[in-house]
Amino acid sequence: MMIALALLRFLARTPWSTAMALIGMALGVTSIVSVHLVSASISSRLDGLVPGALSEYSHYLHRDKLGTADYFALRKQWRAGALPAITQLSPLVDETTTLEGQSVRVLGADLLARPPSAGAKAIPEQFSWNGAWVDQSLKDQLSIPINGIIEAPKGTLLADIATAHDLLGWRPNQLSYVGLVLSDPFAGSIETAEKLLPGFGAGFPSAKPSLDLAPGWQLVSTAEQYPAREFGKSILFNISALGMLALLVAWLLIYQVAVSWLRRLWPVFDRLHVLGVEWQQLRAYFLFSIGLIATLAAALGLVAGWWLASWLLGMAVPEQEINLNLDSWVIFKAAGSALVVCLLGGAWAFHRSQQEVSHSSLPTILTLLLLIAATWCVFQPQTGLAGGFFAIAVLSLAASQTIAPLLIRLKRWASMIRGSYLLRVGVREALWHPAELSVALAGLSLAIATAIGVALMVDSFRVDFSQMLDHRLKYDLIAQGDKTALTTFANINKTATLADRIQVYRNTDIRVNGLSMELDISRMDAFESSRYGYGRSLASNGILLSEQAARSLQLSVGDALTVAGETMTISGMFSAFGDLKPRLIVDDRSPLADALAAQLQVDSVAFKSDRPETLVAALRKQFPALELRLQSDIRRVALKTFDQTFAITTVLITIALLVAAISVYIAVTTMRLNRQTGRQLLNTLGVNRTEQLMMNIALGTGLGLVAIIIALPLGVMFGWILCNVINPRAFGWTIELQLSAEALLRSCTWGMLAAIAAGILQGGDHEEGAFGGR
C-alpha cells in the first residue's frame with residue numbers, strides 16, 4: 001500500500017508528463033468514441049434500407065420468370081436434405097408500383113409462417129388479412145386497411161403474398177425471389193463485432209456457399225441485394241480503421257511516458273527489490289498508477305468524443321437530426337481501449353527496462369514474413385478491405401523499425417552539419433539518442449505518413465471527380481422531380497423553348513445475374529456518349545457499364561452480357577463516383593429499351609442553351625413542381641459535398657498529429673532530464689534564452705526532418721494502396737494516383753510544426769525525480 005501511495009505522490013510531482021499522458025490518451029479515446037458514435041448513427045440509417053421483414057435473410061435466390069412451381073421444387077429439394085446449408089427459405093414478392101398516386105414498394109411475404117416483427121406498431125381493431133403494414137409516410141395515404149406501422153424505408157408496404165399479388169395485379173403464381181437463411185458459425189461473432197466496430201462486416205468479404213441448385217438460379221448475398229447499404233458500410237469500415245490511428249499513436253505515447261517515469265523510478269525499484277519486493281509486485285504497482293490515467297482518459301474521451309461526434313455529424317449531414325446513442329458498447333470500447341493501451345504500453349516499457357538491448361534478428365525475420373503476407377493481400381482482392389488495411393499496418397511496422405538504424409547512420413554524418421555551434425548542437429541532439437527518440441518518432445512518422453497518404457488520395461480523387469464533372473455537366477440545365485411533369489417535359493416541343501438540345505433520361509431498376517443494378521436509357525449519339533468517355537454513337541446492341549457494374553459482373557470491354565433476355569456487347573466502361581449501385585447505359589433504339597419500355601420512367605431532362613437563366617425562368621413558370629438546377633450550381637454543390645465527405649478524415653488525422661507531438665515532447669523532455677549537466681554548462685557559458693530557443697527550434701527541426709524522411713515514401717505507398725486497393729474493393733472504382741506537391745508539402749509542414757512545437761515546449765524540464773529527489 002505504501003508503494004502505491006508513493007507512486008501516486010510521484011504522479012503529483014511530475015504534473016507535466018502526467019498531464020501530457022492524460023491528454024494524449026484522452027485524445028486517442030476521443031477519436032475512437034467519436035468515430036463509433038458517428039458510425040453507429042449512420043449504420044442504423046443504413047440498416048433501415050433493409051425492411052424489417054427481410055432483415056433476417058442472409059442470401060437471396062433469383063431466377064428469370066420465377067414462379068411458385070420453381071419455389072416448391074426448391075423446397076422439396078431442401079426438405080430432402082440436398083441443401084443442408086439452408087436453415088430457412090421463404091417466397092417473397094418485391095415490386096414498386098403506383099397506388100393511389102403514391103410510389104409504393106410492395107413487399108409480399110408468407111405472414112402465416114412469419115408475422116411482422118414485434119417492433120411493428122399495431123393499430124387496434126383494424127386487423128385484416130387483406131390489409132397491410134406500412135411505414136409512417138404511407139399511414140394516411142392509402143385507402144386499404146392498415147394493420148400497423150413498420151420500420152422501413154419511405155414508401156414501403158408489407159402484406160401477405162396474396163394481398164401483394166392483388167395490389168400489383170400479378171398472376172397468383174408469380175414471385176420476385178426467395179429469401180434464405182444460411183447456417184454460419186461466425187454469424188454471432190460478426191454481429192458482436194459490428195456492435196463494437198460498426199461497418200466491421202464490410203471489411204471481410206464472405207465467400208458464397210456452394211449450393212447444389214438446378215440451372216437458372218442465381219445466389220446473391222445481402223450486400224449484393226442492397227448495394228447502397230454495403231456502400232455505406234464500407235465507408236464506415238474505412239473511417240473506423242482511420243480512427244484507430246490516434247489510438248495507435250497514443251499507445252506509443254504511453255510507452256514513451258512509461259519509459260520516462262521508469263528511468264527516474266528504477267533506482268528506487270532496485271532498492272525495493274533488494275529489500276524483498278518482487279518485480280511482479282513492482283510492475284503491478286506501476287501498472288496500477290498508469291491504469292488510473294487510463295480511467296481518467298476514458299472519462300474525458302467519452303465527453304469529448306460525444307461533443308466531437310455531434311459536431312462531425314452536423315457537418316457531414318447538416319439537414320438530418322442528430323441522434324447519438326451512448327450505449328454500453330461505447331463505454332466498454334472507451335474504457336477497454338484506454339486500459340488496454342495504457343497497460344500494454346506500461347508493461348512493454350517495464351519489460352524492456354529489465355532486459356538488455358537485444359540484437360536478435362527475429363523481429364526482422366518476422367517483419368519480412370509479414371511484408372510477404374501484406375504483398376499477397378494487396379494483390380488478392382478476396383482479402384477485402386481488411387487485406388488492404390493489413391498491408392498498411394505491416395508497412396507501418398516495417399517503417400518504425402527503420403527509425404533507430406536511420407538515426408544511428410545519421411549520427412555518423414552529424415559532423416558534416418555546418419552553421420553556428422548552438423544550432424549544430426540542437427540538430428545533433430535529434431540524432432544522437434535513438435534509444436530515447438525512436439518510438440516517439442515512429443508515432444510522428446506514422447501520423448505524417450497517414451496525412452500524406454490520405455491527402456494524396458483525396459487530391460487524386462478530386463482531380464478524377466472534377467474530370468468526371470467536366471464530362472457529365474455538358475448541359476446547362478437539369479430538370480428533376482415530379483414524374484408527371486417530367487413526362488410532359490419529355491414530349492415538349494424543342495422549338496418552343498430556348499434550348500438548343502433536349503436530352504431525356506429514362507431508367508429502371510433491374511437484376512443482372514441476380515445483382516441489383518440501374519439501367520439508364522437515352523439517345524446515345526456521339527455528343528451524349530462523350531459524357532461517358534465513349535467517342536462515338538453507341539450501337540443499338542452496345543452497352544456501357546460503370547466500373548462498379550463491370551467489377552461485380554467480372555466483365556470487360558468486348559464481352560457479351562445478357563440482360564432481360566437480350567444479348568448486348570460491352571462497348572465501354574465509365575467512372576461513376578458516388579453511385580450507390582452499379583449502372584448500365586443503352587441507346588433508346590436498342591432492343592433492350594423496347595423490351596423494358598413498360599418499366600421505364602423519366603428520371604430527368606437536360607437542356608443545352610446559350611441563355612440558361614432565361615430558360616430557367618420560363619420553365620419555372622410553366623412547370624412549378626419541377627426542380628431546376630443550373631450546371632454551375634450542380635458543380636458547386638457536388639464539390640462542396642465532396643469536401644464535406646472528407647472533413648472527418650481531416651479531423652482524425654489532426655488528432656493523431658497532436659498525440660504524436662505530445663509523444664515527441666515527452667521523449668525530448670526525458671532526454672533533457674537525463675542531460676541536465678550539459679544544459680547547466682550552457683547556462684554557465686552564458687547561453688541566453690533566445691539562443692536556447694534557437695537550439696530547441698533546431699532540435700525540433702531535426703526531429704521533424706527525420707520523421708519526414710521516413711514518412712514521405714511510406715505516405716506515398718499509403719496513397720497508392722488507398723487509390724488502387726482500398727477504393728476499388730470498397731466502392732468499385734479506381735483512382736489514378738497523382739503525386740500532388742501541395743498534398744506532400746501540406747502534410748509535411750504540419751508534421752514539422754508539430755515537431756518544432758514539441759522541441760520548444762519546456763514545461764516538464766524541471767520536474768522532480770522519483771518521490772521528490774534526484
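The numbers here are math on the coordinates, done by the rules we state, and not lab data. If you're wondering where the values come from, they're calculated on a predicted model, not measured in any experiment. Glycine gets a Cβ as well: all are built from the backbone with ideal geometry, and neighbour counts include every protein chain shown.
What to note about this one:
- Modelled this way, with points 7 Å down the Cα-to-C-beta line, the labels at Asp482 and Thr375 are 6.4 nm from one another.
- Fully extended contour minus Cα-Cα distance, from Thr97 to Thr295, at 0.36 nm per residue: 65.7 nm
- Calculated [θ] (222 nm, deg cm²/dmol) that DSSP helices of n ≥ 4 give over the chain, each run adding -39,500 (n - 2.57): -18500 deg cm²/dmol
- With a Förster radius of 51 Å applied to the C-beta separation of Ala69 and Ala539, the computed FRET efficiency comes to 0.85.
- Amide proton proximity set for Gly481, modelled H, under 5 Å, gap of 5+: Glu627
- Considering only alpha-carbon pairs that sit under 8 angstrom and 6 or more positions apart, the relative contact order computed for the chain is 19 percent.
- Across the stretch 483-624, Cα pairs under 8 Å and at least six residues apart give a relative contact order of 34 percent.
- Here the spin labels are modelled as points 7 Å beyond Cα on the Cα-Cβ line, and at Gln554 and His273 they lie 5.9 nm apart.
- Folded to 0 to 90 degrees: helix 2-13 orientation relative to the chain principal axis, Cα: 80
- Under 11 Å, Cβ to Cβ, from Pro91 - net charge with Lys/Arg +1 and Asp/Glu -1: -2
- Fully extending the segment from Thr567 to Thr734, taken as 0.36 nm per residue of separation minus the present Cα-Cα distance, adds 57.4 nm.
- Selection among Ala526, Ser516, Ala539 by position relative to the dipole of the stretch 483-624 gives Ala526 as farthest towards the positive end (Cβ unit charges, Cα centre).
- Within the chain, the longest run free of exposed loop sites, counting chymotrypsin sites (Phe, Trp or Tyr not before Pro) that sit outside DSSP helix and strand states (H, G, I, E, B) and have at most 12 other Cβ atoms within 10 Å, spans 380-774.
- Charged side chains reduced to their Cβ positions (Lys and Arg at +1, Asp and Glu at -1) give the stretch 15-112 a dipole of some 260 debye around its Cα centre.
- Label-point separation, Gln467 to Thr641 (7 Å along Cα→Cβ), nm: 2.2
- For the chain, the longest principal axis of the Cα atoms and the long axis of helix 631-645 meet at an angle of about 40 degrees.
- Coarse-grained scattering of the stretch 232-347 at q = 0.21, 0.22 Å⁻¹, given as base-10 log I(q)/I(0) from a Debye sum over alpha-carbon atoms: -1.20, -1.26
- Note on the stretch 238-366: dipole from Cβ charges, positive end direction compared against Ser353, Ser289, Leu242; the farthest Cα belongs to Ser353.
- Gain on full stretching of the segment that runs from Gln692 to Arg9 - 0.36 nm per residue minus C-alpha separation: 242.7 nm
- Applying 1/(1 + (r/R0)^6) with R0 = 51 Å to the Cβ-Cβ distance of Glu321 and Ile408 gives a FRET efficiency near 0.35.
- The equivalent ellipsoid of the stretch 483-624 has semi-axes of 29, 16, 14 Å, largest first, where each one is the square root of 5 times an eigenvalue of the Cα gyration tensor.
- Its Cα gyration tensor gives the chain an equivalent ellipsoid, and the semi-axes of that ellipsoid, as √(5λ) in whole Å with the largest first, are 58, 32, 24.
- Amide N proximity, the stretch 446-484 versus Thr614 label position 7 Å along Cα-to-Cβ, cut-off under 17 Å: 476-477
- Rounded to the nearest 0.05, the FRET efficiency derived from the C-beta distance between Lys474 and Arg45 at R0 = 45 Å is 0.85.
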